[in-house]
1. State all residues of segment 151-186 that are without any contact (Cβ under 8 Å) to a residue 12 or more places away in the chain and among the charged types (D, E, K, R); if no residue qualifies, say none.
2. Given the condition of a type in the set (F, W, Y) and at negative phi, answer yes or no: does some residue in segment 116-130 qualify?
3. May I ask you to list the residues in segment 157-182 that are loosely packed, with under 13 Cβ neighbours inside 10 Å and either out of contact with any helix residue (DSSP H, G or I) (no Cβ under 8 Å at 6 or more places or on another chain) or assigned to a strand (DSSP E or B) (or both)?
4. If I ask for residues that are surrounded by fewer than 14 Cβ atoms within 10 Å (Cβ to Cβ) and either touching a strand residue (DSSP E or B) at 6+ places or on another chain (Cβ under 8 Å) or part of a strand (DSSP E or B) (or both), which ones from segment 184-196 would you list?
5. Of the conditions (1) assigned to a helix (DSSP H, G or I); (2) under 17 Å from S176 (Cα atoms); (3) among the hydrophobic types (A, V, I, L, M, F, W, C), A91 fails just one. Which one is it?
6. Being surrounded by fewer than 21 Cβ atoms within 10 Å (Cβ to Cβ), more than 21 Å from E65 (Cβ to Cβ), out of contact with any strand residue (DSSP E or B) (no Cβ under 7 Å at 6 or more places or on another chain) and of a type in the set (S, T, Y), is that true of even one residue in segment 130-145?
7. Return yes when R88 is at pLDDT below 90 and of a type in the set (D, E, K, R) and no when it is not.
8. Need pairs with beta-carbon distance below 7 Å; first residue in contact (Cβ under 8 Å) with a residue 40 or more places away in the chain and of a type in the set (D, E) and within segment 92-117, second part of a helix (DSSP H, G or I) and surrounded by 12 or more Cβ atoms within 10 Å (Cβ to Cβ); sequence gap 6+ or separate chains.
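The values are calculated or read from the model by the stated rules, or taken from the named source; none is laboratory data. Keep in mind that this is a model prediction, so the values were computed, not measured. All Cβ positions, glycine included, derive from the backbone under ideal geometry; neighbour counts span all protein chains shown.
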Amino acid sequence: MRRKDIRGVRPALLRALLGALILLSVVAGGLTYWGQSRRIRDQAGAQLTTIAELKVGQIQLWREERLSDGQVILADGLRLSDLTHVLRGTAAHAGRTDALKWLGAYQAGLNCVDVLLVGTDGKVTLSAAYSVPPGEAYDVNLIERALTGRVATLTDFYRDANDGNIYIDLIVPIVSGGESPADRVGAVVERFDPRAFLFPLIQS
């Protein structure tokens, strides 16, 4: 009877050991899968962070380049003097033509939508691409802000009331030299379409 019991126990013990081995294999496989999945997620997260930082850096570089463009205009005293005559209506026809050519060259070089010459009242005097006809209104508050600060200023994104498109503008104030409101002449406005540079960058 004792020998029979022992023989009956052995198969049960083997089955238990086999079950334990299978369970251990399942647990080990699960831990391995979880570990690999976590590493993959961590790597993907690190890659996304790197891409995001790269895009932020590119956008910041674009902003710095545009502000630098504004500083170049501010440093060109002769050009600003010519534009002052156009804005005040004292320029000859040749002077207006030359100013318009200069605006057009800037527009082509910067690949922007348009370059405008705007008075302190917000009315457009010249438009390189004629996207805003002369006499049409630009946001006078944006012009006033740049003239007050006397530095090149980038606007936030905004929707234009005339054509409904979204733009971001660089506004370069034109001041004749003094501190009084009478010395405020107007501004050069470089108009950019974010769909041409920013939105593709975000979506890529």
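1. Selection gives R159, D160, E179, D183.
2. Checking segment 116-130: not a single residue is of a type in the set (F, W, Y) and at negative phi.
3. Of everything in segment 157-182, those that are loosely packed, with under 13 Cβ neighbours inside 10 Å and either out of contact with any helix residue (DSSP H, G or I) (no Cβ under 8 Å at 6 or more places or on another chain) or assigned to a strand (DSSP E or B) (or both) turn out to be R159, A161, N162, D163, G164, G178, E179, S180, P181, A182.
4. Listed by number, the list holds a single entry, R195.
5. Of the numbered conditions (1) assigned to a helix (DSSP H, G or I); (2) under 17 Å from S176 (Cα atoms); (3) among the hydrophobic types (A, V, I, L, M, F, W, C), the odd one out for A91 is (1).
6. Among the residues of segment 130-145, at least one is surrounded by fewer than 21 Cβ atoms within 10 Å (Cβ to Cβ), more than 21 Å from E65 (Cβ to Cβ), out of contact with any strand residue (DSSP E or B) (no Cβ under 7 Å at 6 or more places or on another chain) and of a type in the set (S, T, Y), which makes the answer yes.
7. It is false that R88 is at pLDDT below 90 and of a type in the set (D, E, K, R).
8. Note: pairs meeting the criteria are D114/Q107.
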